[in-house]
């Protein structure tokens with residue numbers, strides 16, 4: 001049975017609750033099967049125990065719709081484009097010129113806001129010209145988080161962080177964490193549903209000591225009372241019993257408190273580790289705080305997958321576009337660049353780390369009457385890792401940032417090819433991570449998978 | 001596979017372990033629940049038990065303890081309140097985050113509720129210690145402790161318990177009295193904290209957190 005299937009919801013059996021000793025035929029059969037499974041797993045248990053370093057995953061979301069012409073899909077300002085107004089004269093000098101960067105042995109232009117990511121070009125795969133098929137924020141967010149077309153604005157699939165956690169988690173205390181962002185779990189067990197934080201500062205409330213704690217002895221008795229308390233509602237509960245879920249959560253809280261990892265998130269502390277983090281991240285603003293928290297969640301082993309909203313405020317429809325769009329992108333990329341640097345400390349080649357950077361859609365190639373850019377279909381996604389071939393897959397139309405068809409093997413423009421969709425990107429990423437790409441209903445771009453991880 | 005003595009022994013041990021595991025999963029006291037045990041698969045989605053939403057939890061805590069949780073608004077989104085911009089679905093997972101924050105909230109409100117009751121001379125307006133007569137000592141072994149526990153079970157869980165030996169009261173008696181000597185004059189010193197613990201436990205019980 002695949003890992004994905006093993007981690008999928010199994011309500012049958014879990015919901016059984018007996019109020020007295022009860023050993024029916026089904027229980028006997030289950031017991032025998034359980035025994036057989038134990039017997040079968042016995043010899044390989046030491047192997048499982050050795051494989052404790054799971055793959056780590058971070059998804060960084062830039063909210064509001066980013067201007068890909070300033071980021072992952074720029075144009076050379078010396079060229080002329082009939083459908084694109086680069087707005088160069090409105091931008092500060094440092095945001096006018098994209099920079100050539102070598103990716104996978106080929107030179108590609110990177111937007112002028114992405115300087116902080118250039119040291120990590122050796123890990124980068126860009127997908128360009130992705131058809132988001134909507135210019136509605138809500139719909140596009142659900143689509144971009146899950147890689148599956150939503151029903152209206154309602155997500156139908158699983159967040160990519162949920163999938164990554166379900167595939168790779170090896171029993172971490174907070175397998176899937178979402179910071180300032182919604183997370184969806186439709187197909188996997190509850191334990192892979194994201195622990196949501198409204199802002200990154202809340203991590204210290206979640207993993208820190210109990211507030212208003214009773215004395216140690218009474219806390220112990222309270223815990224025992226909750227263990228012993230009989231729930232009247234359980235017999236009708238479908239899925240894992242509420243008392244079981246609460247017991248698991250209490251146990252995890254106790255372990256978190258025993259490990260005393262909260263100090264690893266006290267970014268103002270005067271310790272060597274925190275001094276290093278403050279030197280690396282722009283910790284004074286929310287971008288640095290969210291990415292530093294994401295990195296620490298992975299580095300401490302608390303989480304396997306983290307999804308974080310790194311920066312908002314990119315929905316620049318008016319004249320503020322010229323100043324706010326590039327400066328906010330720079331802030332976001334500096335924080336993400338710092339996080340990648342930090343994560344490369346213990347995984348230099350990202351053999352066990354993947355970072356995805358995305359936004360709900362792009363912005364129009366033409367500048368509107370108010371001096372800003374509106375919403376645009378042709379989006380990009382950036383992935384830093386070792387499971388995909390480095391380079392650029394796909395393309396938007398050179399002249400007007402429109403959608404074009406690309407060859408699924410080379411990623412180059414090809415009229416006989418396909419129009420790239422979020423489903424293609426997610427199916428490819430999920431397959432490379434060792435998950436099941438079938439829910440995306442598009443074939444993964446196999447030629448771009450450098451290696452497939454084993455869950 | 002070669003069927004050796006070692007393999008046979010291992011197989012036998014596995015089967016014994018599995019039966020032991022099943023034996024431990026049931027309630028050994030043989031409590032006879034008068035209701036029919038419902039197979040989860042038979043329960044329609046709309047009738048399945050659900051965790052309280054964030055706002056339901058805040059309101060339930062305020063009604064049960066008579067105290068507002070000061071940090072409720074701060075943690076509302078983390079506890080699952082949708083913003084109806086990006087998140088349109090109520091979060092109802094019994095997650096680590098929910099268990100931790102609900103625990104913090106329950107402890108804060110329960111401590112305050114017991115303090116409030118202690119300073120309150122009118123039994124009818126007390127919330128947690130309504131059936132306790134001797135408010136000076138709060139003796140965990142006092143004769144009215146059982147009556148107060150039954151009142152609290154009704155208040156928090158809507159369960160009307162008539163007998164003091166009902167098993168549903170037992171964990172709370174233990175929480176109140178365990179480790180204390182009924183003959184020790186100093187036993188009442190922990191009374192206030194023990195009652196706060198009982199209140200906290202009732203507020204973190206699945207019967208309080210689900211409907």
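Table for the structure above
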| item | result |
| --- | --- |
| Residues of the range A:297-308 classified as touching a residue at least 60 places away in the same chain (Cβ under 8 Å) and surrounded by fewer than 23 Cβ atoms within 10 Å (Cβ to Cβ), total | 1 |
| Single residue of the range A:189-215 satisfying the filter (surrounded by fewer than 21 Cβ atoms within 10 Å (Cβ to Cβ) and touching a strand residue (DSSP E or B) at 6+ places or on another chain (Cβ under 8 Å)) that is farthest from the other protein chains (Cβ to nearest Cβ) | A:189 |
| Within the range A:315-330, tally of residues that are crowded, with 20+ Cβ neighbours inside 10 Å and touching a strand residue (DSSP E or B) at 6+ places or on another chain (Cβ under 6 Å) | 1 |
| Filtered residues of the range B:116-130 (kept if in contact with a helix residue (DSSP H, G or I) (Cβ under 7 Å, 6 or more places away or on another chain) and at pLDDT below 95) | B:118 |
| Identity of the residue in the range A:432-445, in contact (Cβ under 8 Å) with a residue 12 or more places away in the chain and assigned to a helix (DSSP H, G or I), that ends up surrounded by the most Cβ atoms within 10 Å (Cβ to Cβ) | A:432 |
| Subset tally (residues that are touching a helix residue (DSSP H, G or I) at 6+ places or on another chain (Cβ under 8 Å) and in a loop (DSSP other than H, G, I, E, B)) for the range A:135-153 | 6 |
| Top-ranked residue in the range B:59-106 [being touching a strand residue (DSSP E or B) at 6+ places or on another chain (Cβ under 9 Å) and outside any loop (DSSP other than H, G, I, E, B); ranked as farthest from the other protein chains (Cβ to nearest Cβ)] | B:98 |
| Flag for residue A:278 being touching a helix residue (DSSP H, G or I) at 6+ places or on another chain (Cβ under 7 Å) and buried (at least 16 other Cβ atoms within 10 Å of the Cβ) | no |
| Residues within the range B:142-160 that are in contact (Cβ under 8 Å) with a residue 24 or more places away in the chain and buried (at least 16 other Cβ atoms within 10 Å of the Cβ), tallied | 8 |
| Looking only at the range B:32-41, and only at residues there that are facing another protein chain (nearest Cβ under 9 Å) and more than 20 Å from the chain's Cα centre (by Cα), the one that is modelled with the lowest pLDDT | B:35 |
| Qualifying residue in the range B:186-202 (condition: away from chain A (no Cβ under 14 Å) and modelled with pLDDT under 95) | yes |
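One line per residue, one yes/no per condition, for (1) within 18 Å of the chain's Cα centre (by Cα); (2) crowded, with 16+ Cβ neighbours inside 10 Å; (3) at pLDDT 95 or above; (4) under 30 Å from residue A:284 (Cα atoms):
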position: A:342; (1), (2), (3), (4): yes, yes, yes, yes
position: A:345; (1), (2), (3), (4): no, no, yes, yes
position: A:356; (1), (2), (3), (4): yes, yes, yes, yes
position: A:359; (1), (2), (3), (4): yes, yes, yes, yes
position: A:381; (1), (2), (3), (4): yes, yes, yes, yes
position: A:385; (1), (2), (3), (4): yes, yes, yes, yes
position: A:389; (1), (2), (3), (4): no, yes, yes, no
position: A:409; (1), (2), (3), (4): no, no, yes, no
position: A:425; (1), (2), (3), (4): yes, yes, yes, no
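The values are calculated or read from the model by the stated rules, or taken from the named source; none is laboratory data. Every value quoted in this text rests on a predicted model; they were computed, and no experiment measured them. Ideal geometry is used to build each Cβ from the backbone, glycine not excepted, and the neighbour counts take in all protein chains shown.
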